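> I'd like to ask you about the structure that follows.
The values are calculated or read from the model by the stated rules, or taken from the named source; none is laboratory data. Predicted model only: the values in this text are computed from it and were never measured. With ideal geometry, Cβ positions are generated from the backbone for all residues, glycine too; neighbour counts draw on all protein chains shown. Ligands, DNA and RNA are excluded from the accessible area calculation, which covers all protein heavy atoms including side chains. Shrake-Rupley method; radii C 1.70, N 1.55, O 1.52, S 1.80 Å.
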Amino acid sequence: MPDLLHDVIFDYTLRNVALGSALLGIVGGVLGTFAVLRRQGLLGDALAHAALPGIVLAFMLTGSKASIVLMLGAAISGWLGTLLIIRIVQDTRLSEDAALGVILTVFFGLGVVLLTHVQHSNNANQAGLDQYLFGQAATLVEENVITMAALGSVALFLVALLFKEFKLLSFDPEFGASLGYPMRGLNVLLTSSIVIAVVIGLQTVGVVLMAAMLIAPAAAARQWTNRLGVMLALSGLFGASAGVAGAMISVTARRVPTGPMIILCITAIVVVSILFAPERGIVWDAIRRRRMRRAALARGPEVAA
Amino acid sequence: MTIATSHKDAPVAVRDLTVAYREAPVLWDIDLTFPEGQMVAIVGPNGAGKSTLIKAILNLVPSTSGTISIFGKPYPQQRQLVGYVPQRGSVDWDFPTNALDVVQMGLYGQLGWIRRPGKRERAIAMECLEKVGMADFAHRQISQLSGGQQQRVFLARALAQDAQVYFMDEPFAGVDATTERAIIDVLRELRSRGRTLVVVHHDLETVREYFDWLVLLNIRVIATGPVETTFTLDNLQATYGGRMALLGDTLTADRSAAVAAAGD
């Protein structure tokens with residue numbers, strides 16, 4: 001363990017992996033909190049899947065694998081998918097789950113087709129693009145981490161600045177609109193921040209599982225607190241811990257994709273939270289109920305008498 | 001903020017308002033003027049467009065045509081004078097926050113962008129919770145409140161807005177007797193201070209007791225005016241149509257018998 005700690009600080013690869021996965025965990029956890037509270041967890045899933053064709057197209061158009069280029073492609077196609085879902089729900093009689101299902105699968109399918117095409121194109125530079133499916137933290141280099149940090153701070157800064165407005169948007173958007181706040185604009189801003197959270201995690205976690213990094217930390221954090229500020233902080237912390245732990249396991253045990261490893265770590269946190277969190281934990285709930293039943297039984301005869 | 005209480009213009013005036021969803025009219029050619037300092041009930045069957053009327057006045061749903069003025073000026077200029085109590089069911093009460101925090105949201109309009117509520121806002125919010133008899137629940141997580149208590153938190157939030165005109169969407173729906181009493185006391189207190197209250201109401205039995213002015217709505221305005229002259233069997237029949245049989249019993253059975261007679 002001390003060796004690992006030493007390596008994380010001094011080894012170039014491990015340091016980048018640790019920093020990168022901590023970043024994606026924090027940003028995903030914080031923005032995911034809003035996604036979950038607004039019941040948009042699945043929108044995050046569609047968004048992440050819809051990013052795949054954008055990544056491949058960005059590479060095909062530029063021939064570059066620079067993270068800013070691929071992230072931009074991911075963001076544009078993710079946004080496009082999200083917009084389409086919103087339009088479908090507004091303008092047709094299709095329900096939201098149908099819209100989500102259609103857009104998610106169409107975009108992801110298109111992404112896989114493009115990816116396969118590129119892989120058979122004799123372009124040597126394409127190697128590694130397929131890691132965007134399940135993520136590979138070992139491929140993180142300093143340039144990636146710097147881009148992630150820059151984008152992530154924009155998203156976190158927006159949340160810090162507009163905490164009150166985002167809370168209003170998440171709890172009671174109609175009341176917010178009646179106060180004169182431009183709820184539609186705030187919605188675009190918050191959704192854009194969620195897009196940022198998704199794209200900075202794609203290289204490490206992959207498009208298939210990225211949504212879990214939005215939903216799971218927030219779901220775990222909700223168990224421990226009844227305050228939004230605390231929930232945001234906890235969710236970021238859970239996301240970062242799972243991110244770092246999963247990435248480290250994946251990198252030290254070679255050839256294990258990082259995304260699934262990180263997801264297993266965050267799932268462990270979720271399970272513990274659902275079982276043991278005070279108040280909302282189901283274990284305490286069961287114990288409370290049992291005690292009450294016993295108390296009721298003990299009192300029973302008295303009441304009857 | 002300067003609030004002139006001696007407005008010559010009506011607190012709310014609606015002209016030619018039409019709202020349509022996918023071609024079908026939800027509200028048709030609404031003309032309404034509400035008098036100042038009165039409790040106004042908006043009454044009508046399900047699907048009559050009662051909530052939509054409030055939301056259209058507040059610019060929350062797009063209207064096909066029509067103009068709204070609040071004290072003689074367009075609504076966007078007069079926001080500070082308007083308070084809103086949405087339907088309780090319109091929000092997720094498992095949201096991670098407490099009663100005091102929700103009430104403070106009523107002050108977000110005055111606070112403006114980015115500024116966070118501080119000591120002053122907490123004090124105002126506490127005061128408003130006290131007025132609705134909820135001071136002891138200030139730090140309670142909102143999902144742990146009963147339906148009636150949640151409704152009172154929403155009312156306290158509107159009180160924090162310190163408005164001249166209040167729009168309330170079914171504040172008495174599904175609340176216990178204690179809450180109903182607490183709410184009506186607060187509304188009467190507001191009226192005594194010259195505030196105008198526009199309330200979507202569903203309980204015909206209490207219309208006479210609670211309200212001064214009545215709007216009978218069923219996509220169009222069927223009748224509007226003082227409760228004494230407007231709350232008649234004929235008008236109700238015109239508003240509710242075939243579903244009137246049951247209502248007729250209610251009306252004639254209780255203290256409203258005189259109204260029914262007058263309607264004949």
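> Residues to consider are B:Ser63, B:Ser51; find the one that is open to solvent by 20 Å² or more (accessible area, probe 1.4 Å) and in a helix (DSSP H, G or I).
Among B:Ser63, B:Ser51, only B:Ser51 is open to solvent by 20 Å² or more (accessible area, probe 1.4 Å) and in a helix (DSSP H, G or I).
> Among the residues of the range B:76-85, how many are at the interface with another protein chain (Cβ under 10 Å from one of its Cβ atoms) and open to solvent by less than 40 Å² (accessible area, probe 1.4 Å)?
The first filter runs over the range B:76-85 and keeps only residues at the interface with another protein chain (Cβ under 10 Å from one of its Cβ atoms), leaving B:76, B:79-80, B:82-85.
Applying the additional criterion that residues be open to solvent by less than 40 Å² (accessible area, probe 1.4 Å) yields B:82-85.
So the count comes out to 4.
> Further question: I'd like the full set of residues that are of a type in the set (Asp, Glu) and in contact with a strand residue (DSSP E or B) (Cβ under 8 Å, 6 or more places away or on another chain), limited to the range B:190-238. Even if it seems obvious, please write down each step before you answer.
Step one: filter the range B:190-238 for residues of a type in the set (Asp, Glu), giving B:203, B:205, B:209, B:212, B:228, B:234.
Residue satisfying the conditions is B:Asp212 alone.
A quick yes/no check of all residues on (1) farther than 21 Å from A:Phe34 by Cα; (2) charged (D, E, K, R):
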site	(1), (2)
A:Leu228	no, no
A:Ser235	no, no
A:Ala242	no, no
A:Val270	no, no
A:Glu279	yes, yes
A:Ile287	yes, no
A:Met292	yes, no
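> I need a count of the residues in the range A:140-155 that are buried (at least 19 other Cβ atoms within 10 Å of the Cβ) and either farther than 24 Å from A:Leu42 by Cα or acidic (Asp, Glu) (or both).
Summing the residues that are buried (at least 19 other Cβ atoms within 10 Å of the Cβ) and either farther than 24 Å from A:Leu42 by Cα or acidic (Asp, Glu) (or both) in the range A:140-155 gives 4.
> Now for a different question. From (1) more than 12 Å from chain A (Cβ to nearest Cβ); (2) surrounded by 16 or more Cβ atoms within 10 Å (Cβ to Cβ), pick out the condition that doesn't hold for B:Gly72.
Single failed check for B:Gly72: (2).
> Residues in the range A:218-226: is at least one more than 25 Å from B:Leu100 (Cβ to Cβ) and either within 15 Å of the chain's Cα centre (by Cα) or away from chain B (no Cβ under 14 Å) (or both)?
yes
> Anything in the range B:159-191 that is among the charged types (D, E, K, R) and assigned to a helix (DSSP H, G or I)? List them, or say none.
B:Glu180, B:Arg181, B:Asp185, B:Arg188, B:Glu189, B:Arg191
> Does the range A:135-146 contain at least one residue that is modelled with pLDDT of 90 or more and out of contact with any helix residue (DSSP H, G or I) (no Cβ under 7 Å at 6 or more places or on another chain)?
Checking the range A:135-146: at least one residue is modelled with pLDDT of 90 or more and out of contact with any helix residue (DSSP H, G or I) (no Cβ under 7 Å at 6 or more places or on another chain).
> So, one more: Could you grab me the full set of residues in the range B:192-218 that are free of Cβ contacts under 8 Å to residues at least 60 places away in the same chain and either over 24 Å from B:Gln164 (Cβ atoms) or assigned to a strand (DSSP E or B) (or both)?
The answer is B:Asp203, B:Glu205, B:Thr206, B:Arg208, B:Glu209.
> Can you pull out every residue in the range B:170-207 that is among the charged types (D, E, K, R), under 18 Å from B:Ser146 (Cα atoms) and within 13 Å of the chain's Cα centre (by Cα)?
Matches in the range B:170-207: B:Glu170 only.
> Follow-up question, since we're still on this one. If we keep just the residues of the range A:159-187 that are open to solvent by 30 Å² or more (accessible area, probe 1.4 Å) and outside any helix (DSSP H, G or I), which is farthest from the other protein chains (Cβ to nearest Cβ)?
A:Pro182
> Answer with yes or no whether B:Ile142 is under 17 Å from A:Pro173 (Cβ atoms) and either within 12 Å of chain A (Cβ to nearest Cβ) or surrounded by 17 or more Cβ atoms within 10 Å (Cβ to Cβ) (or both).
Values: under 17 Å from A:Pro173 (Cβ atoms): yes; either within 12 Å of chain A (Cβ to nearest Cβ) or surrounded by 17 or more Cβ atoms within 10 Å (Cβ to Cβ) (or both): yes.
Here the answer is yes, as B:Ile142 does meet what is asked.
> Could I ask something else about it? Counting only residues that are surrounded by fewer than 21 Cβ atoms within 10 Å (Cβ to Cβ) and part of a helix (DSSP H, G or I), how many does the range A:95-110 have? Full working, then the answer.
Looking only at the range A:95-110, we keep the residues that are surrounded by fewer than 21 Cβ atoms within 10 Å (Cβ to Cβ), and these are A:95-99, A:101-102, A:105-106, A:109-110.
Checking which are part of a helix (DSSP H, G or I) leaves us with A:96-99, A:101-102, A:105-106, A:109-110.
Count: 10.
> Helices (runs of 4 or more DSSP H) wholly in the range B:86-139 with at least 3 residues that are open to solvent by less than 10 Å² (accessible area, probe 1.4 Å), of a type in the set (A, V, I, L, M) and at the interface with chain A (Cβ under 8 Å from one of its Cβ atoms) - which ones?
Filter on the range B:86-139 gives an empty set.
> So in the range A:43-94, with the set limited to residues that are open to solvent by less than 60 Å² (accessible area, probe 1.4 Å) and in a loop (DSSP other than H, G, I, E, B), which one is farthest from A:Leu133 (Cα to Cα)?
A:Thr92
> Still on this structure, please answer the following. Within the range B:25-32, identify whether any single residue is over 25 Å from B:Met134 (Cβ atoms), open to solvent by 10 Å² or more (accessible area, probe 1.4 Å) and within 12 Å of chain A (Cβ to nearest Cβ), and answer yes or no.
First pass over the range B:25-32, keeping only residues over 25 Å from B:Met134 (Cβ atoms): B:25-32.
Retained after the next criterion (residues that are open to solvent by 10 Å² or more (accessible area, probe 1.4 Å)): B:25-26, B:28-29, B:31.
Among the residues that remain, those that are also within 12 Å of chain A (Cβ to nearest Cβ) are: none.
No - not one qualifying residue is present in the range B:25-32.
> Please work out if A:Val207 is more than 14 Å from chain B (Cβ to nearest Cβ), open to solvent by less than 10 Å² (accessible area, probe 1.4 Å) and not in a helix (DSSP H, G or I).
The answer is yes for A:Val207.
> Can you find, within the range B:96-107, the residue that is nearest to A:Leu179 (Cα to Cα) among those that are over 20 Å from the mean Cα position of the chain (by Cα) and not β-branched (Val, Ile, Thr)?
In this case the residue turns out to be B:Asp101.
> Within the group A:Leu214, A:Leu264, A:Leu190, A:Leu237, which residue is within 21 Å of A:Leu158 (Cα to Cα), surrounded by fewer than 21 Cβ atoms within 10 Å (Cβ to Cβ) and more than 14 Å from chain B (Cβ to nearest Cβ)?
Working: A:Leu214 fails: surrounded by fewer than 21 Cβ atoms within 10 Å (Cβ to Cβ); A:Leu264 fails: within 21 Å of A:Leu158 (Cα to Cα); A:Leu190 fails: surrounded by fewer than 21 Cβ atoms within 10 Å (Cβ to Cβ).
Checking each option against the conditions leaves just A:Leu237.
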